[in-house]
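Everything on this sheet refers to the single structure shown next.
Just so you know, all these numbers are worked out from the coordinates, no wet-lab data involved. Computed from a predicted structure; not experimentally measured. Here the Cβ positions follow ideal geometry from the backbone for every residue, glycine too, while neighbour counts run over all protein chains shown.
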Amino acid sequence: MSNTVTFTLDGQQVEALPGETIRKCARRLGIAIPGICSGINPHYSADGSCRLCMVEVEGERTLTASCKRPVTPGLNVNTTSPRIDKARRTVMELLLADRPAFEDTPYEPADRFRTLGQTMDVRASRFAANGEHPPTDTSHPAIDVDMSKCILCTNCVRACAEVQSNAVIGMAGRGKDSRIVFDQGDALGFSSCVACGECVQSCPTGALLPKALPARTHDTHKVDSLCPYCGVGCQVTYHVSDDKILYTQGRDGPANLGKLCVKGRFGFDYARHPDRLTKPLIRIDGAAKDPAILDGGDPFSQFREATWEEALGHAAACLETAYEKFGSDAIAGFGSAKGSNEEAYLFQKLIRTAFHTNNVDHCTRLCHASSVAALMEGIGSGAVTGPFTDAEHADVIVVIGARPSQNHPVASTFIKAAKRNGAKLIVMDPRGQALSRHADHMVQFTPGADVALLNAMLNVIVAEDLVDHDYIDNRVEGYDAFATHIHAYPPEKMSPLCGIDAETIRTLARAYATSRSAMIFWGMGISQHTHGTDNARCLIALALLTGNIGRPGAGLHPLRGQNNVQGASDAGLIPMVLPDYTPVGDAAGRARFESAWNCDLPAAPGLTVVEIMHAALARDIRAMYICGENPAMSDPDLNTARRALARLDHLVVQDIFMTETAAFADVILPATSFYEKTGSFTNTNRQVQLGRKVLNPPGDAREDFWIIQSIAKRLGLDWHYENAAHVFEEMRTVMPSHAGISHLRLKRDGAVTYPCPSEDLPGQAVLFADGFPMPSGKAKLAPAHPIFPDEQPDDAYPFVLTTGRMLEHWHTGAMTRRASVLDALEPDPMISVNPRDLESLGLEAGEHVTLTSRRGALSAATRADRDVPEGVVFLPFAFHEAAANLLTNPALDPFGKIAELKYCAVKVEKM
Amino acid sequence: MGQKGNTHPQRRTGKPFPKGRQATDADIAAVRALVGAAHRERDLLIEHLHTLNDHYGHLSTGHIAALAHLLGLAQIDVYETATFYAHFKVGDTPPAPITLRICDGPACRMAGAKALLKDALAAFDDQIQISAAPCQGACDTPPSVIMGKSRISSATVEKLTSHNNAPSSAPAITDIPPPSAPDIAEAVRKAELRGMGGAGFPVARKWAFFDDAPHPRVLVVNADEGEPGTFKDRYLLETEPEKVLRGMFIAAQALDVQDVFFYLRDEYPHIHAMLGDVFKRMEIDGVTLHLRRGAGAYICGEETALLNSLEGKRGQPRNRPPYPAQHGYKGRPTITHNVETLYWIADIADRGADAYASEGRPRFYSLSGRIKNPGVYRAASTTTVKGLIDMAGGMSGGHTFTAFLPGGASGGIFPARFQDKAMDFGVFEELGGFVGSGALTVLSDHDDVWDVARTLAAFFRDESCGKCTPCRIGTEKMLRLIDNPRGNTDLIHDLSDAMRDASICGLGQAAPNPVLSLLRHFEEGD
């Protein structure tokens, strides 16, 4: 080993790794040294305050904390001696002196302090207790606080401040009055806590505990799987008892390093919600499909229970009938980015091979379709060029049109840590956010003015010649034309459009262009516009002009929303491409699939999500199979979308709840939740990971894989897949980028990054170091011109409505509104309004208002939120009581076919 | 289990505000008006807190939220720091406009500080907030009281009630000519000058740490004199500030530093006024001068705790290594010198190493307690306890010498039979004590040594930073155990061993000294 350090440990000459502490080195060599303040995993810093890990260093007056002491050459260390033992035991007695008697808990992390005392054989203290116990704090829906158990190891403080970079927990007071507090000594439930639960996992004493755990359990086992929510792809260990998840722990996955957010930590009990569909349902003859049922009606009243045999037969027969009657173009399918890779693959294969249509799409259309369009056009690949964990290698990090602390919380921890370690952070968004406080530049520009702002930055880079000409010469096409184009957008001219002064624009451009390596993260704020593709083109141009792609810490990272939106897209759940992004119009590529699947495939791209809804309204689409999607909540202009769904001759919905979409179904097939099946999922970093079955499905609910195959069989397809692994093996054979990934490898390694062409190669985390998958091998600069959002505010509708997700609520709320903790944290739709606008409207925070656009109206309470700029209101689209998409504008980006969900005109009226 | 505290109704409704306390526009404006367009660095946090605390008399939740907002910090960052320091009044209830702190140190207790506290509480209405406070560095004129920014010596209730509350006047200072001492490093080495803050580390060896240190480098002046019984730094800054500052400049030049931080304890407001004025006028090439106020925390005299305090954090010591000379203020190479050390650096620059050595490596002793003329005395390092008492005119009338504290609260308590021991580094160590900062407190037949030990144990409990277990919990348990020292001897010894062996810094390591020295030299005989 290179650069090892030789020293003496308990009389033996040993080698320490560079930078290793005495305790780490001893542990590696099999010598256990007690300790409680060094966190719960290697990603924590040690505090050096508990003083249980004391060791003797020859020649030193006092003992030393082995968790903090780096090994230096020649050190002579003893880890055991009567003196050491006495000091450690006395310290343990001091820690035990003032805390109450231990109680049994099924929550393993909370037992670590008791266990340590037992290991050290110190079970009682000779010191008299001081008898003062702080009151318990049960104000939080997820976490109970009992500081009488606290030993001030400060693991929670570092969990909050360093590991998650949230900075809610700290140590207040001094000496014997030192105490763990939240914010300003507030009750946890009233603090700024985001309930990531890192502190709970890190607490060794039970002072912080998940709420409502049973005192004792039997037959507890653990399952290593994933989180079902966002594209970060956190690895999770589920602790299960009696077919019920007791609690979760973050696993040391490549994307989360043991961390979780509130959803992954506490959002799992939707799977056991009484609303779960447990029997196949068939629409009662004559029960009319009427969107009005969603205004407080009972959709179940329109259905009757059926056997699987009947339901599957009915579903398949009706799809078949429509196909025979109206042809391929009359059928469409929506798969889901929440399903596994295998499910996505099977679903698109079913639609394409049974109905000979490419009318198969999923919610990527509503999130990153425009980003993907720009990326395909510019660099020939739609996925991220490097993982978000690379933020640690970046000098400059740009976050634009994304709120990762809310929507990709664990990814944001890497960004915040990078900033703490010296990276420059630039946050660009019309709304403020949790990252604003950390940002070197918080750029709150005019909503919808992305291209104006970005073009001005690009102009500065070209005008001041901050361009990486070597890179341009070797890797990029179209520079001269682009330079001419961008000449027309100097900062002074763009400044009035975007609301950012010219000098700041110059500063930003210089900071980005002159950095050694820079990463750009973006989200729906970029993509969900009629100019979404243009927005992304500008970001790509920033990276290309400055050569910021293809190195660790330099890259483009569209933060993918759903846990498997990357994988579903990879698997071909898109109307223009077959698996592995093989264009449907590419005859050779198509032929490869025709031969593999033994069928003819259509060459024309299919319709996209919003187009399918329009076609349904026009009765061009007659029958649909919707698997795990909820367009009756997620599509723009819901009144229209719901009318369209109601007009279908036949609708098969496969889901776990009676969603708003299922209310329009003819057949509802009760499927499995994430926890009830095994399959692979691909996160935003292109890491393919294995989700394992944690629970049994409730009632007669069946695995999605089984349901899709059963329909396929009834449609005459000769399918005999045995399990997910079997499906994945087929996928490997038709998807070269996944050729090196087997289920076995996934089981063994936990995660494999694609592209991974062969089993003996690691996956490629950072792409395009040597060129781009373009015909010329070079990337292409694409010009963008500023255009206004489709619907501008006016006298009648003076406010801009912007929509999105929130930390606690996922998408259309089908899961999170039924997760008890998440729903308790954010139980109601709240319209965020700037306090000054509230004042000018004569409203108090919390008062209800009516929000009206040209397409619909809703009412909800207001939230005074300074993050929202004046003239803008924000409403998450997760609440069926006030479905934001009733108001949104279905105008589409011409390239990505994504709707302008981030911008429409509304009026706000006091109720 | 603790008793039931905060609970919440089962059915929740959406909150009309985002999570956590929101800073209001009004509070943001009020705080901005006082602290200006604060730059988003945490290191000035304590200065900002002083500004608010001085102006409003307390730190309200609203103002803390607003300050956090302006500085780009989390509220917990501000709250953690604010609640650490005794001089910040954190809370929404405005306290009485005037604070009156009565010294609770050993010398002031001997001079009737407890009775004064009782009488003062009876004499004043709730317009005055009265509290006991640790040593104020005025053991030569006890009892000491600080009222607002005014220091009152030899305080009586009459003196307090008639006090006009005007700030104490700043000591006079003349301008300091640019220092030039090219050979100072060699002179300091030759003089065998040692650090006068208490540890006695050779200055030349400290400076050698900087031989290859990268820039920018930092010099910190530790004027957080807080060891009970110690007041020599105050004395030097009152009587010869020019010489101390000259020493500071010489050291800054010799060490080639880019920043000098002068960290002054908050109990010396008159010196703060003097330095604030003089720092505005003085310049030294390539060096930025920073004057910082402590905020009532004995522990910040500890070098690494002081560095954390300079960074706007809780004054908690750091684990070493890394040592500050490599990784100090904000990770920069940092050397810290005590005020008196700088004085002697200037002295050696003026007179040469030989003169310093031939005077017997003199130092300034703080003498207090039952002696005729308490005060600061310049004497050779080899001077005995008896010799110092004689310099101070002998014992006070009616008092018989029985015991003494050679090194403030931390240096142990010894019977009079050790009076011929020299008050020098390395002498008392073998007896379980040390002279530290050279604070000799003399006890008489009127004093109960166990009473003194309890006072000191309570002092350590109150001043422990709370970071490490042995000190945080140990100091509290020690105070209980010495209610019955003879019955708890074994446990006291076990606890003391753990505190000495396992505490992070000198506070916890030395905190058992008074108790142990009593057990060893008074109870067991020697």
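Using square roots of five times the C-alpha gyration tensor eigenvalues, list the equivalent-ellipsoid semi-axes of region A:523-619 in whole Å, biggest first.
29, 20, 13
May I ask you to order A:841-848, A:655-662, B:54-61, A:176-183 by the average number of other C-beta atoms within 10 Å around their residues, highest value first?
Numbers: A:841-848: 14.4, A:655-662: 24.8, B:54-61: 17.0, A:176-183: 21.9.
Final packing ranking: A:655-662, A:176-183, B:54-61, A:841-848.
Under a plain spin-label model, where a point goes 7 Å from the Cα along Cα-to-Cβ, how far apart in nm are A:Arg126 and B:Thr489?
Placing both labels 7 Å beyond Cα along the Cβ direction yields 1.3 nm.
Starting from the Cα of A:Arg510, step 7 Å toward the Cβ, then list every residue of region A:404-429 with an amide N under 17 Å from that point.
Those under the cut-off are A:424-426.
Can you give the % of DSSP beta bridges in region A:799-910 that are antiparallel, to the nearest 5? Working shown, then result.
Numbers: 16 of 25 bridges.
Once the DSSP bridges in region A:799-910 are tallied, antiparallel ones form about 65 percent.
If a/c stays under 1.5 just call it rounded; otherwise compare a/b with b/c (prolate if a/b is bigger, oblate if not). Do that for region A:182-271, with a ≥ b ≥ c from the square roots of the Cα gyration tensor eigenvalues.
On the way: a/c = 1.85, a/b = 1.20, b/c = 1.54.
Since a/c reaches 1.5 but b/c is at least a/b, the shape of region A:182-271 is classed as oblate.
For region A:316-466, what is the convex hull (Cα atoms) projected area averaged across all directions, in square nanometres?
Values: hull surface 49.7 nm².
Mean orientational projected area (region A:316-466, Cα hull): 12.4 nm².
Starting from the Kirkwood Rh over alpha-carbon pairs, what translational D in µm² s⁻¹ does region B:25-84 have by Stokes-Einstein at 37 °C and 0.692 mPa s? If you can, show how the numbers build up before the last one.
Details: Rh = 11.0 Å.
The Stokes-Einstein estimate is 298 µm²/s.
Give a quick list of trypsin sites (Lys or Arg not before Pro) in region B:426-506 that DSSP marks as loop, anything other than H, G, I, E or B, with at most 10 other Cβ atoms within 10 Å. Could the numbers behind the result be given before it?
Working: sites: B:Arg454, B:Arg461, B:Lys467, B:Arg472, B:Lys477, B:Arg480, B:Arg486, B:Arg500; in loops: B:Lys467, B:Arg486.
For trypsin sites (Lys or Arg not before Pro) across region B:426-506 that sit outside H, G, I, E and B with at most 10 neighbouring Cβ atoms in 10 Å, the list reads B:Arg486.
Can you work out the base-10 log of I(q)/I(0) for region B:389-526 at q = 0.19 1/Å, using the Debye formula on its C-alpha atoms alone?
Here log10 of I(q) over I(0) equals -1.08.
Given a Förster distance of 45 Å, report the FRET efficiency between A:Asp104 and B:Ala115 from their Cβ-Cβ distance, rounded to the nearest 0.05.
Values: r = 54 Å, r/R0 = 1.20.
That pair, A:Asp104 with B:Ala115, gives E of 0.25.
If the label point is 7 Å along Cα→Cβ of A:Ala857, which residues in region A:787-803 have backbone nitrogen under 17 Å from it?
Counting only backbone N, you get A:796-799.
Under 30 Å from the Cα of A:Lys493, which lysines turn up, not counting those fewer than eight places away in the same chain?
Reachable lysines: A:Lys424, A:Lys780, A:Lys897, A:Lys902.
Two-decimal Rg/Rh of region A:799-910 from alpha-carbon positions, Kirkwood Rh? Present the calculation step by step, with values, prior to reporting the outcome.
Numbers: Rg = 13.9 Å, Rh = 14.3 Å.
Ratio value, two decimals: 0.97.
Ranked by Cβ crowding within 10 angstrom, fewest neighbours first, how are B:Phe434, A:Phe895 ordered? Each step should come with its number before you reach the end.
On the way: B:Phe434 24, A:Phe895 20.
Going from least to most buried by this count: A:Phe895, B:Phe434.
With the Cα gyration tensor of region B:99-161 in hand, give its eigenvalues times 5 under a square root as the equivalent ellipsoid semi-axes, listed largest first in whole angstrom.
Numbers: eigenvalues 56, 27, 19 Å².
Listed largest to smallest, the semi-axes of region B:99-161 are 17, 12, 10 Å.
Over the alpha-carbon set of region A:297-357, work out the extent along each principal axis and list the three values in angstrom, largest first.
Reported extents, whole Å, longest axis first: 34, 32, 26.
Could you work out the mean count of beta carbons from other protein chains within 10 Å of each residue's beta carbon in B:64-72?
Counting Cβ atoms of other protein chains within 10 Å of each residue's Cβ and averaging gives 2.
What ratio of Cα Rg to 2.2 N^0.38 Å holds for chain B?
Numbers: Rg = 23.5 Å, N = 526, 2.2 N^0.38 = 23.8 Å.
Working it through for chain B, the quotient is 0.99.
If R₀ is 35 angstrom, what is the calculated FRET efficiency for the pair B:Glu158 and B:Arg480, using the beta carbon separation as r and rounding to 0.05? Mind showing how you got there, number by number?
On the way: r = 38 Å, r/R0 = 1.09.
Once rounded, the FRET efficiency stands at 0.40.
So if R0 is 30 Å, what FRET efficiency would A:Ala796 and A:Ala288 give, r being the distance between their Cβ atoms, rounded to the nearest 0.05?
For R0 = 30 Å, the calculated efficiency reads 0.30.
Once you wrap a convex hull around the alpha carbon atoms of region A:369-558, what is its projected area averaged over all directions, in nm²?
Values: hull surface 36.9 nm².
Its Cα hull, projected and averaged over all orientations, spans 9.2 nm².
List the residues, sorted by chain then number, that are 5 or more residues from A:Lys778 or on another chain and whose placed amide H is less than 5 Å from its amide H.
A:Phe772
Of the peptides A:189-201, A:523-535, A:594-606, A:773-785, how do they stack up when ordered by the mean number of other Cβ atoms within 10 Å, highest first?
Working: A:189-201: 24.8, A:523-535: 27.7, A:594-606: 14.3, A:773-785: 17.5.
The packing order, highest mean first, is A:523-535, A:189-201, A:773-785, A:594-606.
From the phi of every residue in region B:53-58, what ³J(HN,Hα) in whole Hz does the Karplus formula 6.51 cos²θ - 1.76 cosθ + 1.60 yield, where θ is phi - 60° and glycine or proline is x?
5, 5, 6, 9, x, 6
Can you give the percent of C-alpha pairs in region A:5-80 whose distance is more than 20 Å? List each step's numbers first, then the result.
On the way: 599 of 2850 pairs.
More than 20 Å apart: 21 percent of the Cα pairs in region A:5-80.
Full extension from A:Arg619 to A:His785: what is 0.36 nm times the residue separation minus their Cα-Cα distance, to one decimal in nm?
Working: separation 166, 0.36 × 166 = 59.76 nm, distance 3.61 nm.
The A:Arg619-A:His785 span can extend by a further 56.2 nm.
Measure off 7 Å from each Cα along the Cα-to-Cβ vector at B:Thr288 and A:Lys211, then give the distance between these two points in nanometres to one decimal.
4.7
Calculate the all-directions average of the projected area of chain A's alpha-carbon convex hull, and give it in nm².
39.1
For each pair in B:Lys118/B:Lys372; A:Lys68/A:Lys263; A:Lys86/A:Lys259, compute the distance between the two Cα atoms and list the pairs where it is over 29 Å.
Values: B:Lys118/B:Lys372 26 Å; A:Lys68/A:Lys263 34 Å; A:Lys86/A:Lys259 36 Å.
Long pairs (Cα-Cα over 29 Å): A:Lys68/A:Lys263; A:Lys86/A:Lys259.
Take each complete run of DSSP H in chain A, measure how far its Cα atoms stretch along the helix's own axis, and keep only those covering 18 Å or more with mean Kyte-Doolittle hydropathy at least -1.0; list them. The partial results should precede the final answer.
Values: long enough: A:82-97 (22 Å, -0.07); A:308-326 (27 Å, -0.13); A:341-355 (21 Å, -0.21); A:450-463 (19 Å, 1.81); A:532-545 (20 Å, 1.07).
Counting only whole DSSP H runs, the qualifying helices are A:82-97, A:308-326, A:341-355, A:450-463, A:532-545.
With viscosity set to 1.306 mPa s and temperature to 10 °C, compute the Stokes-Einstein D of region A:708-767, Rh being the Kirkwood radius across alpha carbon pairs; µm²/s, no decimals.
Working: Rh = 12.7 Å.
Using the Kirkwood radius from Cα pairs, D works out to 125 µm²/s.
Residues of A:41-48, mean number of Cβ from any other protein chain within 10 Å of their own Cβ, rounded to a whole number? Kindly include the intermediate steps, with their values, before the conclusion.
Values: counts 0, 0, 0, 0, 0, 1, 3, 7.
Taking all residues of A:41-48 together, the mean is 1.
Take the alpha carbon atoms of region B:218-359, find their radius of gyration, then divide it by 2.2 N^0.38 Å using N residues; give the quotient. Walk me through the numbers before you get to the answer.
On the way: Rg = 14.7 Å, N = 142, 2.2 N^0.38 = 14.5 Å.
After normalising by residue count via 2.2 N^0.38 Å, the value is 1.02.
So what's the Cα pair-distance distribution over region B:1-136, bin width 5 Å, in %?
Per 5 Å bin, starting at 0, the Cα pair percentages come out as 2, 9, 15, 15, 13, 12, 12, 10, 7, 3, 1, 1, 0.
Under the rule a/c < 1.5 gives rounded, and otherwise a/b versus b/c splits prolate from oblate, where does region B:360-446 land using the Cα gyration tensor?
oblate
So for region B:217-336: antiparallel DSSP bridges make up what percent, rounded to the nearest 5?
Close to 5 percent.
Of the trypsin sites (Lys or Arg not before Pro) in region A:472-535, which ones lie in a loop per DSSP and count no more than 12 other C-beta atoms within 10 Å?
A:Arg516
Taking only the alpha-carbon atoms of region A:108-272, what semi-axes of the equivalent ellipsoid follow from 5 times the gyration tensor eigenvalues under a square root, in whole Å, largest first? Please report the intermediate quantities before stating the final value.
On the way: eigenvalues 147, 80, 44 Å².
Working from the Cα gyration tensor, I get semi-axes of 27, 20, 15 Å.
Loop-only check: which GluC sites (Glu not before Pro) in region B:35-106 are DSSP coil with at most 15 other Cβ within 10 angstrom?
Values: sites: B:Glu41, B:Glu47, B:Glu80; in loops: B:Glu41.
Taking region B:35-106 and a limit of 15 other Cβ atoms within 10 Å, the loop GluC sites (Glu not before Pro) found are B:Glu41.
Classify region A:854-898: rounded, prolate or oblate, from the alpha-carbon gyration tensor (a ≥ b ≥ c, eigenvalue square roots; a/c under 1.5 rounded; otherwise prolate if a/b is larger than b/c)? Let's see the in-between values first.
Numbers: a/c = 2.33, a/b = 1.45, b/c = 1.60.
It comes out oblate by the Cα gyration axes.
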